[in-house]
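Reading through the structure tokens given below for one structure.
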Amino acid sequence: IYGFYYLWNEMGLVGIWVCLALLAFPFVIWAIVALGICYRFGSLRRAKKEELPQILKLYRSVIGKPGCHWSITYPNEVTLHEDFSTGNLFVLKKGRYIVGAGSIVPENELDDLLCWHYRENPREVARIVINPDFQSKGHGKYLVHQLCRVLRKSGCKSIRLLASTENKRAIRIYQKCGFLSRGSVNRYDHQYYAFERIP
């Protein structure tokens, strides 16, 4: 404190600038780190209407991949427009590329499962997809963390999702993001692990 006082009072205008620079230093470092993360992974935001065809194409690009039970009928245009119209469709954008997408389910569809540990104000995330060109580079983990951040800000108390028991890559990502398996469940004619975490 004395050092700041000396700089401020004894060195005049130069001292004032030095004081301001020292006070701003932590914020500058934080800004540089934030910019670096955005540069590497992109930024998450709500999808725009003109991006819907690209997102649908992204859904289609992973059909048939190991552990993926998606098909032409799901997720489809109706699902996409439902998520978009309720403001629950998000994209991870890097420059002009849509790196990934994910949805916060407008209505909890998994409440009937008995495996959940937390029942107060839960929300679900679903339809998480990463562009095959960007997979295995940390983008999936970043996308999930950012969706959890959105839910935390909204006051959500627990986050739920299902992952195919065959989708080893997705399971690893969810575990790294702090999700805990609550056991396997049969849903939509497939076997899934039910995952849950506190935001």
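The values are calculated or read from the model by the stated rules, or taken from the named source; none is laboratory data. It should be emphasised that the depicted structure is a prediction, and the values quoted were computed from it without experimental measurement. All Cβ positions, glycine included, derive from the backbone under ideal geometry; neighbour counts span all protein chains shown. Protein only, heavy atoms only, side chains kept; ligands, DNA and RNA dropped before computing areas. Shrake-Rupley method; radii C 1.70, N 1.55, O 1.52, S 1.80 Å.
The figures follow:
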| item | result |
| --- | --- |
| Pairs where the first residue, in the stretch 46-73, is within 21 Å of Thr86 (Cβ to Cβ) and the second is among the polar types (S, T, N, Q), C-beta under 7 Å, 6+ apart | Leu58/Asn131 |
| In the stretch 123-138, the residues that are at pLDDT below 95 and more than 17 Å from Lys65 (Cα to Cα) | Lys137, Gly138 |
| Tally, over the stretch 150-199, of residues that are farther than 12 Å from Arg123 by Cβ, open to solvent by 40 Å² or more (accessible area, probe 1.4 Å) and assigned to a helix (DSSP H, G or I) | 6 |
| Unmet requirement for Thr73, which otherwise passes all of (1) open to solvent by 60 Å² or more (accessible area, probe 1.4 Å); (2) in contact with a helix residue (DSSP H, G or I) (Cβ under 6 Å, 6 or more places away or on another chain); (3) not charged (D, E, K, R) | (2) |
| Every residue from the stretch 60-114 that is over 17 Å from the mean Cα position of the chain (by Cα), in a strand (DSSP E or B) and among the aromatic types (Phe, Trp, Tyr) | Tyr74 |
| Which listed residue is on the phi > 0 side of the Ramachandran plot and either in a strand (DSSP E or B) or not acidic (Asp, Glu) (or both), from Arg119, Arg127 | Arg127 |
| In the stretch 96-128, the residues that are open to solvent by less than 70 Å² (accessible area, probe 1.4 Å) and more than 21 Å from Arg152 (Cα to Cα) | Ile98, Val99, Leu113, Cys115 |
